[in-house]
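Step one of this worksheet: look at the structure below.
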Amino acid sequence: MSIKKIYLIRHGQTDFNLQGIVQGSGVDAPLNELGRRQADAFFQKYQHIPFDKVYTSTLQRAMQSVQGFTDKGIPHERHAGLNEINWGTREGTRITPEEDAYYHRMLQSWTEGETSLCIEGGESPELVAARQKPVIDLILSRPEEENVLICMHGRAMRILLSQLLRYPLRCMDQFEHQNLCLYQLDYTGTMFSVKKYCDVAHLQEVQV
């Protein structure tokens, strides 16, 4: 039985990450210098993997994070279904204490199972899961792609992992993430198993 190997990474650091400014699907920030070093460190560690396809969101921070692989000529598809959650009215703004309290109330509501609640002006986890589902189905419908690299975003990654591993969305915060962290998953055709969890060993030489 052939195993499909999925390497799922979060994008590298942006200045918005560094400054504590909210980034969602409506903020298309580029990688900063550290983010580019993180992307290069991941490429140096994993360039030997014979990736059949690279999938990213349509946002430049995700595409820049895998540029080393796409520059090698590995086929690349961009899907808006992999974009970050839309954080609504808070996108592009620095977190104030009031906004931080609202944000944490929303996270608590989602943890309590109210995953259909949309953040003000934005999306709910259930809406994000719904737009991810066709992309998941597409990737899994291609058995010839045995090694797949996916680059996306923190909250969206948590939602995707919940779907792949059949966790309720209320459990999504169990999946930790950092800039340019790796989740490696094996897919047997019926189920996924986690081989690497929020792995950042490839970043050891990158100065912060």
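General remarks:
- Only DSSP H runs of four or more residues enter the estimate; each adds -39500 (n - 2.57), and after division by the residues of the chain the mean residue ellipticity at 222 nm equals -10500 deg cm²/dmol.
- Proximal lysine pairs, the chain, alpha carbons under 12 Å, eight or more residues apart or interchain: 5
- Geometric descriptor of the stretch 82-180, per residue, is 106 Å³ (volume of the convex hull of the Cα atoms).
- Carbon and sulfur %, accessible surface of the chain computed with the full protein complex present, 1.4 Å: 50 percent
- As a ratio to 2.2 N^0.38 Å, the alpha-carbon radius of gyration for the stretch 61-104 is 1.73.
- Whole-Å distance, taken between Cα centres, linking the stretch 143-169 and the stretch 40-88: 13 Å
- Pairs of Cα atoms nearer than 8 Å and 6+ residues apart set the relative contact order; for the stretch 4-199 it is 32 percent.
- For the stretch 1-82, the C-alpha radius of gyration divided by 2.2 N^0.38 Å, with N the number of residues, is 1.14.
- Per residue accessible area in Å² of the chain, where ligands, DNA and RNA are left out and the probe is 1.4 Å: 46 Å²
- Ordered from longest to shortest, the equivalent ellipsoid semi-axes for the chain are 26, 21, 15 Å, each the square root of 5 times a Cα gyration tensor eigenvalue.
The values are calculated or read from the model by the stated rules, or taken from the named source; none is laboratory data. Please read these numbers as outputs of a predicted model, since none were measured by experiment. Calculation scope for accessible area: heavy atoms of the full protein, side chains included, ligands and nucleic acids excluded. Shrake-Rupley method; radii C 1.70, N 1.55, O 1.52, S 1.80 Å.
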